[in-house]
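Comments concern the structure below.
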Amino acid sequence: MAQRMNLCFDVSYIALDGRWRAPGSWVGRRFPDVGMYEDIARLAERGCLDLIFSGDGTGVPSTWEDSTDDAVRWGVSWPRQDMNPLMVAMSRVTRHVGFGLTYSSTFMHPYYLARLMNALDHVSDGRMALNLVTTTRRADAANFGFDDLAEHNTRYERMEEFVDVCRALWDGVEPDAMIWDRETGQVGDPAKVHAINHRGQFFQVKGPLNTPPSPQGRPILVQAGGSPRGIRAAAGFVDVAFGEDKALALQVQQRKDFDAALRHVGRDPARVGIIWQQPMIVAETEQEAVREREGLLGMIPKEVAGVYLSHNSGYDFSKLPRRFRLDELNAEIAATQATPVGFVHALAHKLGAETEISREEFFEYGVRRATSYDTTFAGSAAQAADYLEETFEATGSRGGFMLGHPMVMPGDLARIVDFLVPELQRRGRFRKAYSGRTLRDTLMDIYDE
């Protein structure tokens, strides 16, 4: 019997980087219209999708030329807002689909976030996931009082301690701690509520949480680190990992590295999936889908790609010389504490690390990255299913895909639900109905056949 996949939908960019003005997108609506998000949630649940996810950023991109002007002018990763209230709204019009929120362990405090996620898990009846990131965006750092980014490994050390505190807080109120006895008036059992008395390198937290235990025990934990240090951190705590939309060979290698890291900490790699980001446009015919994908290249002016790349890499690409080598540029980026496995790393893998390119060529590739053009699959439902199956099997048949970065909303999601999902169901690759109550049930049912 074919191994089934997880399928999720990414709403991180549905109103950003020019997508809002694509023909047929956001008709009669403007971000952050709650009705649009409620429609998305209903569509996702009709397709039996596992999760609706959103990444986040808390600063206006300013790394490019030390200015926010171009980001504001062209809508590059701006405007955004905390997705918490919108996901609450989406949860109230659905019963099964889960919701993934992104917060930064680099800036947040674990007690606050453990308490918030517990509350959201109650509101959604056990359907919340927390995606933790170690922030490489200087605009975000500046808003939380940091003059510069912390060192790469230090960010992951803070994340690991952050998770330890959160898990201790969630576990500190036992599942049967609440009594609510109307006869005696007793609310809880003191023997089942525990302080954690944590004193670590980054945090001091006494505890316990002052909240009832969550429906899932603890929210689903997700992390997307692709560097060796990030993979090692993720292996220690994730319920499921996220992976970037990169060359298949790099995805296969990440799966191998992740499996080794899981075994090192005594976890079974067969039960910990990677959900790969996969931009996708599905239409009734290949021609229709390809035509829509071509429109991606016109969403933002070519020169604006530098704003996007600088923001997400933590490095000001406006300073690029006329010609340069990719390996030397990536070494310079890593030396500034920005991500060593971002766009330049991927481009070096594609073209060769010692390749020398011009500034103009770099930004031409940058447009394709900023719009997800190169990694967006476009085709019919059968073609899309073939492509997903090939990637799924090559990367170990554990986990699935985060479909997103669409051009037309809500039309692109509707076509995934109406065309792709039935094709995957016909092949035995995706559920036909939800089998559990919580997000944990939904994500993990692929391993319980």
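One residue stands out in segment 84-107 among those that are crowded, with 23+ Cβ neighbours inside 10 Å and assigned to a loop (DSSP other than H, G, I, E, B): the one that is modelled with the highest pLDDT, namely 97. Here the condition is being among the charged types (D, E, K, R), surrounded by 19 or more Cβ atoms within 10 Å (Cβ to Cβ) and closer than 23 Å to residue 368 by Cβ; of 70, 50, it holds for 70 alone.
Listed here are the residues, each with its yes/no results for (1) closer than 28 Å to residue 132 by Cβ; (2) touching a Ser or Thr at 6+ places or on another chain (Cβ under 8 Å); (3) open to solvent by 50 Å² or more (accessible area, probe 1.4 Å); (4) modelled with pLDDT of 95 or more.
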| residue | (1), (2), (3), (4) |
| --- | --- |
| 172 | yes, no, no, yes |
| 186 | no, no, yes, yes |
| 193 | yes, no, yes, yes |
| 197 | yes, no, yes, yes |
| 207 | yes, no, no, yes |
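If you go through segment 420-427 one residue at a time, do you hit one that is among the acidic types (Asp, Glu), touching a Pro at 6+ places or on another chain (Cβ under 7 Å) and under 25 Å from residue 25 (Cβ atoms)? Scanning segment 420-427 turns up no residue that is among the acidic types (Asp, Glu), touching a Pro at 6+ places or on another chain (Cβ under 7 Å) and under 25 Å from residue 25 (Cβ atoms). Restricting the search to segment 391-404, which residues are in contact with a helix residue (DSSP H, G or I) (Cβ under 8 Å, 6 or more places away or on another chain) and either surrounded by fewer than 17 Cβ atoms within 10 Å (Cβ to Cβ) or of a type in the set (Ser, Thr, Tyr) (or both)? The answer is 391, 394, 395. Within segment 304-317, the set of residues being more than 19 Å from residue 141 (Cβ to Cβ) and either surrounded by fewer than 24 Cβ atoms within 10 Å (Cβ to Cβ) or not small (Gly, Ala, Ser) (or both) comprises 304 only.
Here is a yes/no grid of residues against (1) in contact with a Phe, Trp or Tyr (Cβ under 9 Å, 6 or more places away or on another chain); (2) surrounded by fewer than 20 Cβ atoms within 10 Å (Cβ to Cβ); (3) in a helix (DSSP H, G or I):
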{"residue": "113", "(1), (2), (3)": "yes, no, yes"}
{"residue": "125", "(1), (2), (3)": "no, yes, no"}
{"residue": "135", "(1), (2), (3)": "yes, no, no"}
{"residue": "153", "(1), (2), (3)": "no, yes, yes"}
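Residues of segment 405-444 that are acidic (Asp, Glu) and open to solvent by less than 20 Å² (accessible area, probe 1.4 Å): 412 alone. With respect to the conditions (1) of a type in the set (Gly, Ala, Ser); (2) open to solvent by 30 Å² or more (accessible area, probe 1.4 Å); (3) part of a strand (DSSP E or B), residue 129 falls short on a single one, namely (2). The numbered conditions (1) among the β-branched types (Val, Ile, Thr); (2) modelled with pLDDT of 90 or more; (3) surrounded by 18 or more Cβ atoms within 10 Å (Cβ to Cβ) are all true for residue 339 except (2). Summed over segment 214-256, the residues that are part of a loop (DSSP other than H, G, I, E, B) and either over 18 Å from residue 440 (Cα atoms) or open to solvent by 20 Å² or more (accessible area, probe 1.4 Å) (or both) give a count of 13. Residue 183 fulfils the conditions (1) assigned to a loop (DSSP other than H, G, I, E, B); (2) touching a residue at least 60 places away in the same chain (Cβ under 8 Å); (3) over 30 Å from residue 65 (Cα atoms) except for a single criterion, (2).
The values are calculated or read from the model by the stated rules, or taken from the named source; none is laboratory data. Bear in mind the structure is a predicted one, so any value in this text is a computation, not a measurement. Quick reminder, even Gly has a Cβ in these numbers, built from the backbone with ideal geometry, and neighbours come from all protein chains shown. Areas reflect the complete protein model, heavy atoms only, side chains present, ligands, DNA and RNA absent. Shrake-Rupley method; radii C 1.70, N 1.55, O 1.52, S 1.80 Å.
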